[in-house]
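Undergrad: Have a look at this one before I ask anything.
The values are calculated or read from the model by the stated rules, or taken from the named source; none is laboratory data. Quick caveat, the model's predicted, so the values are computed rather than measured. In this analysis, Cβ positions are derived from the backbone assuming ideal geometry, glycine residues included, and neighbour counts consider all displayed protein chains.
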Amino acid sequence: MDVDQVTQIDFFALAPELAVLGASLLVLLIELFLHGPRKRFVNPIAVLGVLVAFGFVVALSVDGTERAAFGEMFVVDSYALAFKGFFLAVALFVLLTSYRYFSEIRTYQGEYYFLMLSAFLGMMLMTSARDLVMLFIALELVSIPGFVMAGLRKFDLRSNEGAMKFFLIGVLSAAVLLFGLSIVYGFTGTTSLAGVAASLEGAEATPLLLAATLFVITGFGFKVSAVPFHFWAPDTYEGAPIPVAAFLSVASKAAGFAGLLQVTFVAFEPLADVWAPVLGVIAILTMTLGNLTALTQTQMVRLLSYSSVAHAGYLLVPFAVVQPGATALNADAFSAVLIYLFAYGAMNIGAFAVVTAVARRHPGRRITDYAGLGSRSPGLAVALTLFLVSLGGIPPLVGFIAKLAVFFVAVEAGTTLGIVLAAAVAINTVISLVYYLRIARVMWMEEATDPEPVRPGLALGFTVGGLTVVTVALFVLAPLLWGAADRAVLVAGG
């Protein structure tokens with residue numbers, strides 16, 4: 001990059017990322033001068049940084065101009081802005097959930113918020129990346145803070161084990177991903193996503209190129225915890241602080257899907273005949289194994305972790321119906337992924353927020369701890385019931401819209417694989433309702449073993465209440481959600 005390119009950088013395009021970067025450095029600095037309970041004040045600073053960044057995203061959206069930087073390796077368009085807004089909303093709710101948890105343990109304040117904001121910075125960079133190198137760097141900026149945050153409960157052996165599994169498998173997957181990207185570069189001579197797609201158009205699908213494509217998909221498969229790359233997830237979620245588990249299950253997973261969307265729907269779209277059937281098989285295995293294993297869980301976080309694996313399977317369904325040159329079908333598939341991600345984010349973070357509130361009195365996080373929650377804390381019980389029912393895909397909640405989107409796009413494909421995938425979604429939805437409704441039965445129909453009510457506090461209460469409203473409102477506002485997803489579509493030829 002020459003001097004002219006550096007001096008012509010559009011800093012307005014980079015404003016959201018710069019706001020998050022500034023907030024991350026500020027919390028790390030200010031925490032050095034705070035002692036004891038005052039350390040909790042770094043949380044509002046982090047929240048303020050996220051809100052400022054969100055304001056810049058809104059301003060860029062109102063401006064409506066597509067912007068670029070770094071030789072068009074970094075692009076701000078409707079796709080990037082939609083995901084940036086989503087990630088910042090997730091960041092806000094994760095930070096609010098974190099306030100109570102880390103205020104009570106009174107440690108790791110500066111480090112935690114610095115790492116969390118750094119990870120969200122990586123996510124925002126990933127959505128604007130239109131180059132394989134920048135995409136990989138952004139993915140690692142998401143992953144590396146996650147490795148550290150997963151092990152913050154350093155005196156807990158389960159946390160040590162989960163963090164180590166996460167780190168080892170994460171490093172291996174990064175190596176596989178980078179190896180695949182290097183082969184793609186050697187074959188195409190470019191790292192631009194559009195350039196790779198143009199080079200692959202009409203090219204012979206050699207065994208080495210096909211292997212490279214599968215290597216790249218394998219690398220992202222770890223990030224989204226798809227079978228058979230999911231083994232790290234249950235132990236890591238269980239050992240990590242609950243807000244970190246929420247972050248990994250929603251934000252980190254969504255970042256993986258954001259990268260996978262760009263690689264598959266844009267760069268590797270000409271090779272869809274090769275990788276789409278593979279992702280179809282992985283989707284069926286992921287949703288089925290995740291749901292069947294969740295049926296046997298007695299610990300709330302592990303149940304939600306396997307539920308998260310199952311939802312990764314649902315999210316992979318639209319990828320499996322992509323066809324080379326089928327712009328309209330691919331655009332619908334892309335839109336279905338976005339709708340599901342936005343809905344899943346609200347439902348799952350809400351569920352983890354309630355778990356955070358209950359865990360204060362019941363650190364074992366067992367499902368039996370929720371017995372009688374409906375009588376002692378009806379507000380939390382209603383919220384958790386709505387989140388679980390929505391995750392199961394029952395109307396009138398946003399989870400139903402999400403399931404409908406992936407089901408319809410599978411049917412729309414008109415292929416045998418599409419019909420099989422649609423049937424798999426329907427069957428697994430029924431299976432998932434068994435364990436979601438089992439938790440609801442425990443809350444409402446079993447006698448409380450602990451008569452004391454659960455008091456979530458202001459920040460956590462706002463998170464639970466706000467996400468409950470979102471979960472219900474997005475069903476009512478489904479046309480707006482669908483329209484926003486359609487405007488954010490990013491496909492080859494679109």
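Undergrad: Taking only pairs six or more apart or across chains, which ones have beta-carbon atoms under 6 Å, a first residue in the range 185-207 that is farther than 11 Å from F268 by Cβ, and a second residue that is part of a strand (DSSP E or B)?
TA: Every condition considered, the pairs that remain are T191/D131; S192/D131.
Undergrad: For residues that are outside any helix (DSSP H, G or I) and either closer than 16 Å to A343 by Cβ or out of contact with any helix residue (DSSP H, G or I) (no Cβ under 9 Å at 6 or more places or on another chain) (or both), tally how many sit in the range 381-413. Steps first, answer last, please.
TA: Looking only at the range 381-413, we keep the residues that are outside any helix (DSSP H, G or I), and these are 393-397, 413.
Subset that is either closer than 16 Å to A343 by Cβ or out of contact with any helix residue (DSSP H, G or I) (no Cβ under 9 Å at 6 or more places or on another chain) (or both): 393-397.
Qualifying residue count, the range 381-413: 5.
Undergrad: Count, please, the residues in the range 31-44 that happen to be under 24 Å from the mean Cα position of the chain (by Cα) and buried (at least 18 other Cβ atoms within 10 Å of the Cβ).
TA: Residues in the range 31-44 being under 24 Å from the mean Cα position of the chain (by Cα) and buried (at least 18 other Cβ atoms within 10 Å of the Cβ): 1 in total.
Undergrad: Return the pairs, sorted by first residue and then second, in which the second residue is modelled with pLDDT of 90 or more and buried (at least 24 other Cβ atoms within 10 Å of the Cβ), the first residue lies in the range 244-272 and is under 17 Å from F222 (Cβ atoms) and of a type in the set (K, R), the beta carbons are less than 7 Å apart, and the residues are 6+ apart or on different chains.
TA: Sorted first by the residue in the range 244-272, then by its partner, the pairs are K253/S308; K253/A312.
Undergrad: Can you tell me which residues in the range 443-470 are at pLDDT below 85 and farther than 16 Å from S103 by Cα?
TA: Listed by number, the residues that qualify are E446, E447, A448, T449, D450, P451, E452, P453, V454.
Undergrad: Yes or no: A174 in contact with a helix residue (DSSP H, G or I) (Cβ under 7 Å, 6 or more places away or on another chain), closer than 15 Å to T264 by Cβ and surrounded by 14 or more Cβ atoms within 10 Å (Cβ to Cβ)?
TA: Against the criterion (in contact with a helix residue (DSSP H, G or I) (Cβ under 7 Å, 6 or more places away or on another chain), closer than 15 Å to T264 by Cβ and surrounded by 14 or more Cβ atoms within 10 Å (Cβ to Cβ)), A174 does not qualify.
Undergrad: Another question, then. Taking the condition touching a Phe, Trp or Tyr at 6+ places or on another chain (Cβ under 7 Å), hydroxyl-bearing (S, T, Y) and buried (at least 17 other Cβ atoms within 10 Å of the Cβ), does T429 pass?
TA: No: the conditions fail for T429.
Undergrad: Collect the residues in the range 135-156 that are part of a helix (DSSP H, G or I), in contact (Cβ under 8 Å) with a residue 40 or more places away in the chain and either at positive phi or surrounded by fewer than 20 Cβ atoms within 10 Å (Cβ to Cβ) (or both), keeping them in residue-number order. Give the derivation first.
TA: Pass one, the range 135-156, residues part of a helix (DSSP H, G or I): 135-150.
This time we only want the ones that are in contact (Cβ under 8 Å) with a residue 40 or more places away in the chain, so: 135-136, 138-139, 142-143, 146, 149-150.
Matches in the range 135-156: none.
Undergrad: Determine which single condition G202 fails, assuming it passes every other condition in (1) part of a helix (DSSP H, G or I); (2) on the phi > 0 side of the Ramachandran plot.
TA: (1)
Undergrad: Of the conditions (1) more than 30 Å from R361 (Cα to Cα); (2) part of a helix (DSSP H, G or I); (3) of a type outside the set (G, A, S), F41 clears all except one; give me its number.
TA: Against the list (1) more than 30 Å from R361 (Cα to Cα); (2) part of a helix (DSSP H, G or I); (3) of a type outside the set (G, A, S), F41 comes up short only on (1).
Undergrad: Please find, within the range 60-71, the residue that is surrounded by the most Cβ atoms within 10 Å (Cβ to Cβ) out of those that are under 11 Å from A13 (Cβ atoms) and not aromatic (F, W, Y).
TA: First, pick out the residues of the range 60-71 that are under 11 Å from A13 (Cβ atoms): 60, 63, 65-70.
Those left that are additionally not aromatic (F, W, Y): 60, 63, 65-69.
Numbers: L60: 22, D63: 13, T65: 10, E66: 13, R67: 16, A68: 16, A69: 19.
Out of the qualifying residues, it is L60.
Undergrad: A follow-up question, please. Does A69 meet the test of being small (G, A, S) and at pLDDT 85 or above?
TA: Working: small (G, A, S): yes; at pLDDT 85 or above: no.
No: the conditions fail for A69.
Undergrad: Name the residues in the range 323-345 that are of a type in the set (V, I, T) and buried (at least 24 other Cβ atoms within 10 Å of the Cβ), would you?
TA: Initial filter on the range 323-345 (of a type in the set (V, I, T)): 327, 337, 339.
Passing the criteria: V337, I339.
Undergrad: Within the range 88-110, identify whether any single residue is surrounded by fewer than 23 Cβ atoms within 10 Å (Cβ to Cβ), in contact (Cβ under 8 Å) with a residue 12 or more places away in the chain and farther than 22 Å from G457 by Cα, and answer yes or no.
TA: no
Undergrad: Here's another thing I want to ask about it. Filter the range 456-494 for residues that are touching a residue at least 40 places away in the same chain (Cβ under 8 Å), in a loop (DSSP other than H, G, I, E, B) and of a type outside the set (V, I, T) and give the result.
TA: P456, G457, A488, L490, A492, G493, G494
Undergrad: Quick one: would you say F74 is at pLDDT 90 or above and either of a type in the set (F, W, Y) or surrounded by 20 or more Cβ atoms within 10 Å (Cβ to Cβ) (or both)?
TA: No, not satisfied.
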